[in-house]
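Visitor: Structure in structure tokens, see below.
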Amino acid sequence: MVHHKLRRLRVYGGFLDKLDVRFADGLNCIIGGRGSGKTTVLEFIRHALDRAPRSGTSAAKLADDRLKNLLAANLGASGYVELEFESQEGLVYQIRRGAHDAPQVTDAHGKPVRPEVLGSSVLVDAAIFSHNQIEDIAQNPVAQRELIDRLCGQQSHAIETQLAQTTSALRENAQRVIALHARLHAAQRDLIDLSSWESKLAAANAALGEGGVADLQTAAEHKALREQEKAALDRVRAALGKLRGLIGDTVLPQVRGLTAAIPDAVLKGPNGHVLGDLSREIQRKVAEIELYVSSPLDKIALLDRSVDTAGTALAVAHAPQEARYAELAAVAAKSGARLAARDEAAREVLRLSGSKAELRELQAALDETLRARGELRDELTRLRGDRHARRSAAAGSVSAHLGGKVRIILAAAADVTAYREFLVAVMRRSGKQYNAPIERLVAQVSPVQLGQFVDRDDHAALAATAEINPEFAESLLKALREAPERRFELDVLELEDIPRIELQVQGDWRSSDKLSTGQKSAAILPILLMDSEAPLLVDQPEDNLDNSFITDAIIPQLAASRGRRQLVFITHNPNLPVLGEAAQVIVLEADGRNARQVAQGGVEAVKQHILRLMEGGREAFRQRQQRYEVGP
């Protein structure tokens, strides 16, 4: 099985200054006396890989504070660590990081790499568990869900990426829908205003005729037509400019971009001949496409000149007409008020006359945006279903792999915490009692279903479905309609799966949060040891476990994972390195001021240190052996 690997850790400055650890594939055990820096090594690796505990919970905050204090105490202001990491694709990354700095990542040739690669979970990944963190997993459904996602491997990361992209697209779509609705309402108001101004214009024209200035009335009507003529030319110019921009600014650059799709480095490589013909064909076709695209651009240029010609001719025609209108206006100065009213009405009619076309365009844009929103909602539902199916398969593999001793039961979309908090925020200022109806609502109606009730404004159906008071249902739908951003948030609000890890104890299945400390470790550790591409680093995995469980359950798993996954254990239990046949044992010692590595190698090479540190010395081990061999 191809997998990620830690290759080397070096420390510069601080308590572990000059430490240089090379990790082997397979099982690595870090041993040493109390205070020798074993835990610090694991936390240095966590820090380099930027795997700080997830924020949001008090336990995570405490773990983060502990990590910061440990780094400050063991690296100081100027110390730093360097970690060499090899991805399952064979890519090598060098990561350098000080206690208070962001990680600096380079490739095998020293070329800088974007630090975001550390969060990809595809090119760089590691599962790191501090002391007692295994016990915390047994009590935390979120951590258990993350554990299941790890069992899904890269597929889980790919789905999470797609889910994040689709959710982001839905939120952007919601903002566009809200903006289009606002513009649509404004255009509808303009349409009402247009009808009013048309009536005023007709009345003004009639008044001018009654006042004996029929010629001026006709001239004024012609003046309005001249304004419309100029406006028509402006619309043609704008449309041509937009069309030219669409063709020239988007099509041609994208077409030309095809030539860079196969870089010279690839063409000059050992398999360049395979893609050479394709590259040349792309260049030929790009040249042909440019010719095709250039033709409409030429036609647009001709139209531009025609518009300019028409504009010049129109200006020549308008000049004497405007002069005649000015003469008539001067003669009819006594009708100035009527003329001003007529001109104002004409201007407003002209300004608002585009609202009908705009209304059609906005409605078409809104319909298309809502259609796209439906597709995005369907995609989000599909992705969530796919993720649940993969989680269910991973949960099933746990029971199959662990011989019925440990199992995971996965409740789909059962975590209503975020949904409940959302509804409480909506109804908090409503002046109504909301706790009881919200509890019934989250149990009966999904966020998507609630959104559909809002769209239909069907509070009676909501009340019947959720078994809540019709008045409360009406108040809730009204609050969501009046805040469209909240209504659209219902489309992305997620009800997460809730896992339950269970251990079989004397024939009964018990949930991990109800187990003793040792039983919690017995339930979680075997899951952590299942196959994965990521290295597994655990601080004292044997804590609270019986030696019999280690030898009967854990050691066989270590043997099965050999060559399939890299493991790094900090341990005080000799069974793990010896019976687990560790590929590398790193021995640390400290003198109170500094720690150092005193040995590194296979079990045979460091067995004297194992005897001294983990068995109490050769004599203690010999005496125990004699005791075990004597007696009934």
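Visitor: Taking residue 357, is it touching a Lys or Arg at 6+ places or on another chain (Cβ under 8 Å) and at pLDDT below 90?
Guide: On the way: touching a Lys or Arg at 6+ places or on another chain (Cβ under 8 Å): no; at pLDDT below 90: yes.
Considered against the rule, which asks whether it is touching a Lys or Arg at 6+ places or on another chain (Cβ under 8 Å) and at pLDDT below 90, residue 357 comes out as no.
Visitor: Residues in the stretch 506-516: is at least one more than 26 Å from the chain's Cα centre (by Cα) and among the aliphatic types (A, V, I, L, M)?
Guide: Yes, because at least one residue in the stretch 506-516 is more than 26 Å from the chain's Cα centre (by Cα) and among the aliphatic types (A, V, I, L, M).
Visitor: Okay, moving on. Which ones in the stretch 596-632 are aromatic (Phe, Trp, Tyr) and more than 55 Å from the chain's Cα centre (by Cα)? Before the answer, list the steps.
Guide: Here is the first cut: in the stretch 596-632, the residues aromatic (Phe, Trp, Tyr) are 621, 628.
Answer for the stretch 596-632, where residues must be aromatic (Phe, Trp, Tyr) and more than 55 Å from the chain's Cα centre (by Cα): just 628.
Visitor: Being free of Cβ contacts under 8 Å to residues at least 40 places away in the same chain and touching a helix residue (DSSP H, G or I) at 6+ places or on another chain (Cβ under 7 Å) narrows it down to one residue among 143, 158; which is it?
Guide: Only one candidate qualifies: 143.
Yes/no per residue for (1) surrounded by 22 or more Cβ atoms within 10 Å (Cβ to Cβ); (2) closer than 30 Å to residue 604 by Cα; (3) not aliphatic (A, V, I, L, M):
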residue: 24; (1), (2), (3): no, yes, no
residue: 48; (1), (2), (3): yes, no, no
residue: 64; (1), (2), (3): no, no, yes
residue: 69; (1), (2), (3): no, no, yes
residue: 78; (1), (2), (3): no, no, yes
residue: 85; (1), (2), (3): yes, yes, yes
residue: 91; (1), (2), (3): no, no, no
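Visitor: Could you list, in sequence order, all residues of the stretch 57-93 that are among the polar types (S, T, N, Q) and either in a loop (DSSP other than H, G, I, E, B) or at pLDDT below 80 (or both)?
Guide: Taking the stretch 57-93 and keeping what is among the polar types (S, T, N, Q), we get 57-58, 69, 74, 78, 87-88.
Those that are among the polar types (S, T, N, Q) and either in a loop (DSSP other than H, G, I, E, B) or at pLDDT below 80 (or both): 57, 58, 78, 87, 88.
Visitor: State the number of residues belonging to the stretch 103-124 that are open to solvent by 50 Å² or more (accessible area, probe 1.4 Å) and out of contact with any Asp or Glu (no Cβ under 8 Å at 6 or more places or on another chain).
Guide: Summing the residues that are open to solvent by 50 Å² or more (accessible area, probe 1.4 Å) and out of contact with any Asp or Glu (no Cβ under 8 Å at 6 or more places or on another chain) in the stretch 103-124 gives 7.
Visitor: Does at least one position in the stretch 153-174 carry a residue that is modelled with pLDDT under 90, of a type in the set (Ser, Thr, Tyr) and surrounded by 15 or more Cβ atoms within 10 Å (Cβ to Cβ)?
Guide: Yes, the conditions are met somewhere in the stretch 153-174.
Visitor: When residue 575 is evaluated against the numbered criteria (1) open to solvent by 20 Å² or more (accessible area, probe 1.4 Å); (2) in contact with a helix residue (DSSP H, G or I) (Cβ under 7 Å, 6 or more places away or on another chain); (3) in contact (Cβ under 8 Å) with a residue 40 or more places away in the chain, which criterion, by number, is the only one it fails?
Guide: Every condition holds for residue 575 apart from (3).
Visitor: Take the conditions open to solvent by less than 30 Å² (accessible area, probe 1.4 Å), among the basic types (Lys, Arg) and touching a residue at least 24 places away in the same chain (Cβ under 8 Å) and apply them to residue 565. Does it pass?
Guide: The answer is yes for residue 565.
Visitor: Now for a different question. What about residue 339, is it over 26 Å from the mean Cα position of the chain (by Cα), at pLDDT below 90 and assigned to a helix (DSSP H, G or I)?
Guide: On the way: over 26 Å from the mean Cα position of the chain (by Cα): yes; at pLDDT below 90: yes; assigned to a helix (DSSP H, G or I): yes.
Yes; evaluated as a whole, the condition is true for this residue.
Visitor: Run down 310, 301, 261 and say which single residue is open to solvent by 60 Å² or more (accessible area, probe 1.4 Å) and out of contact with any Asp or Glu (no Cβ under 8 Å at 6 or more places or on another chain).
Guide: 261
Visitor: Which ones in the stretch 497-555 are part of a loop (DSSP other than H, G, I, E, B), touching a Leu at 6+ places or on another chain (Cβ under 9 Å) and closer than 19 Å to residue 409 by Cβ?
Guide: Within the stretch 497-555, 515, 530 meet the criteria.
Visitor: Filter the stretch 568-619 for residues that are basic (Lys, Arg) and part of a strand (DSSP E or B) and give the result.
Guide: Answer for the stretch 568-619, where residues must be basic (Lys, Arg) and part of a strand (DSSP E or B): just 596.
Visitor: While we're on this one: Quick check, is residue 105 without any contact (Cβ under 8 Å) to a residue 60 or more places away in the chain, part of a strand (DSSP E or B) and within 33 Å of the chain's Cα centre (by Cα)?
Guide: yes
Visitor: Taking the conditions exactly as written (outside any strand (DSSP E or B), under 30 Å from residue 17 (Cβ atoms) and of a type in the set (D, E, K, R)), does residue 149 satisfy them or not?
Guide: no
Visitor: Of the residues in the stretch 428-484, how many are of a type in the set (Asp, Glu), assigned to a helix (DSSP H, G or I) and more than 22 Å from residue 373 (Cβ to Cβ)?
Guide: Residues that pass the stated criteria total 3.
Visitor: Here is a further query. Looking at the structure I just gave you, is residue 35 open to solvent by 40 Å² or more (accessible area, probe 1.4 Å) and under 27 Å from residue 593 (Cβ atoms)?
Guide: yes
Visitor: Same structure again: Among the residues of the stretch 432-448 satisfying the criterion of being closer than 13 Å to residue 476 by Cβ and out of contact with any Ser or Thr (no Cβ under 7 Å at 6 or more places or on another chain), which is surrounded by the fewest Cβ atoms within 10 Å (Cβ to Cβ)?
Guide: 433
Visitor: Still on this structure: Please determine whether any residue of the stretch 222-236 is touching a Phe, Trp or Tyr at 6+ places or on another chain (Cβ under 8 Å) and either open to solvent by 70 Å² or more (accessible area, probe 1.4 Å) or at pLDDT below 80 (or both). Give the derivation first.
Guide: Going residue by residue through the stretch 222-236, those that are touching a Phe, Trp or Tyr at 6+ places or on another chain (Cβ under 8 Å) are 222-223.
Then keep just the ones that are either open to solvent by 70 Å² or more (accessible area, probe 1.4 Å) or at pLDDT below 80 (or both); that gives 222.
Checked the stretch 222-236: at least one residue is touching a Phe, Trp or Tyr at 6+ places or on another chain (Cβ under 8 Å) and either open to solvent by 70 Å² or more (accessible area, probe 1.4 Å) or at pLDDT below 80 (or both).
Visitor: Turning to a different aspect of this structure: Can you find even one residue in the stretch 382-392 that is in contact with a Cys (Cβ under 6 Å, 6 or more places away or on another chain) and touching a residue at least 24 places away in the same chain (Cβ under 8 Å)? Give the derivation first.
Guide: From the stretch 382-392, those in contact with a Cys (Cβ under 6 Å, 6 or more places away or on another chain) are 390; that's our starting set.
Checking the rest, the ones that are also touching a residue at least 24 places away in the same chain (Cβ under 8 Å) come to 390.
Yes, some residue in the stretch 382-392 is in contact with a Cys (Cβ under 6 Å, 6 or more places away or on another chain) and touching a residue at least 24 places away in the same chain (Cβ under 8 Å).
Visitor: Could you check the stretch 550-562 and list, in sequence order, the residues that are in contact (Cβ under 8 Å) with a residue 40 or more places away in the chain and touching a helix residue (DSSP H, G or I) at 6+ places or on another chain (Cβ under 9 Å)?
Guide: Scanning the stretch 550-562 gives 553, 558.
Visitor: Let me ask something else about it. Condition (residue is modelled with pLDDT of 90 or more, surrounded by fewer than 19 Cβ atoms within 10 Å (Cβ to Cβ) and under 31 Å from the mean Cα position of the chain (by Cα)) applied to the stretch 517-531: is it met by at least one residue?
Guide: no
Visitor: Please verify whether residue 419 is of a type in the set (Ser, Thr, Tyr), buried (at least 16 other Cβ atoms within 10 Å of the Cβ), under 23 Å from residue 476 (Cβ atoms) and more than 30 Å from the chain's Cα centre (by Cα), treating the condition exactly as stated.
Guide: no
The values are calculated or read from the model by the stated rules, or taken from the named source; none is laboratory data. Being a predicted model, the structure only gives us computed values, none of them experimental. A quick note on method: Cβ atoms are made from the backbone with ideal geometry, for glycine too, and the neighbour counts reach across all protein chains shown. SASA here: full protein model, heavy atoms, side chains in, ligands and nucleic acids out. Shrake-Rupley method; radii C 1.70, N 1.55, O 1.52, S 1.80 Å.
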